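Where a number appears in this text, it was derived from the coordinates with a stated rule and is not lab data. Fair warning: this is a prediction, and the values are worked out from it, not measured in the lab. In this analysis, Cβ positions are derived from the backbone assuming ideal geometry, glycine residues included, and neighbour counts consider all displayed protein chains.
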Amino acid sequence: MAPRLLRTPVTLAVLGLLAEKPRHGYEMRTVMRERGHDAVLKLKNASMYDAVRRLTAAGLIEAGEAAREGNRPERTVYRITESGLRTLAQWLRELLGDPAHDQAAFTTALLFMFALPESEVIDLVTQRAQRIAEQIDAVDAAVAAVGEVPAIFLTDQTYGQTLRRAEHEWLVTFADDLRTGRLVWPKGFE
């Protein structure tokens, strides 16, 4: 299976968690729940274990030792491979920098952006903001070129422009907050 076909919010999450440290499936689920990721990912147990299986088959993660805690069942601990780290970084770069991807993919990339250096994340969201500004300008020009059209027929355009402007403003503020230190990159993720 080609790595591009593997890219889903759940596989991105598994790679992101394993980039932090080796974990077993139950621990990954627990961390996602504790961080509130399950609300974004709409994660089901079966989809996470399917993602683990597919990522293992693709060589992006590998099974390590089995671990047992107390009377709990033995659990396989997974770790990310070098290929998995490269793939995770590539996916994050694409999803953070290019507004062509849907909001769910972008939001998932934000959850695991710490796999990239802070300076690169700043550059990527700045690039995304610039691309969205270009889209805003292009749509404004297209609407102006249409001429006199009743506003009701442009509702889809005004709605889209409102969303693009809000995202642009958020991205610019987010990048600036990182640059100036108003938002502090977590320790251990430098």
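Only aspartates and glutamates eight or more places from Lys187 in sequence, or on another chain, were considered; those with a Cα closer than 13 Å are Glu20, Glu118.
With the simple spin-label model, which puts each label point 7 Å out from Cα in the Cβ direction, the Thr180 to Arg131 separation comes to 2.6 nm.
Amide H contacts under 5 Å for Gly59: none, restricted to partners 5 or more places along the chain or on a different chain, H placed in the peptide plane at 1.01 Å from N.
Annotation: extensible slack from Lys42 through Asp156 equals 38.3 nm (criterion: 0.36 nm per residue apart, minus Cα-Cα distance). The GluC sites (Glu not before Pro) of the stretch 31-126 that DSSP puts in a loop, and whose beta carbon has at most 15 other beta carbons within 10 Å, are Glu69, Glu74. Summing charges over all other residues whose Cβ lies under 14 Å from the Cβ of Gly36, with Lys and Arg as +1 and Asp and Glu as -1, gives +2. Working from Cα pairs under 8 Å separated by at least six residues, relative contact order for the chain is 21 percent. Put simply, the C-alpha atoms of the chain give a gyration tensor, and the ellipsoid matching it has half-axes of 38, 18, 15 Å, longest first.
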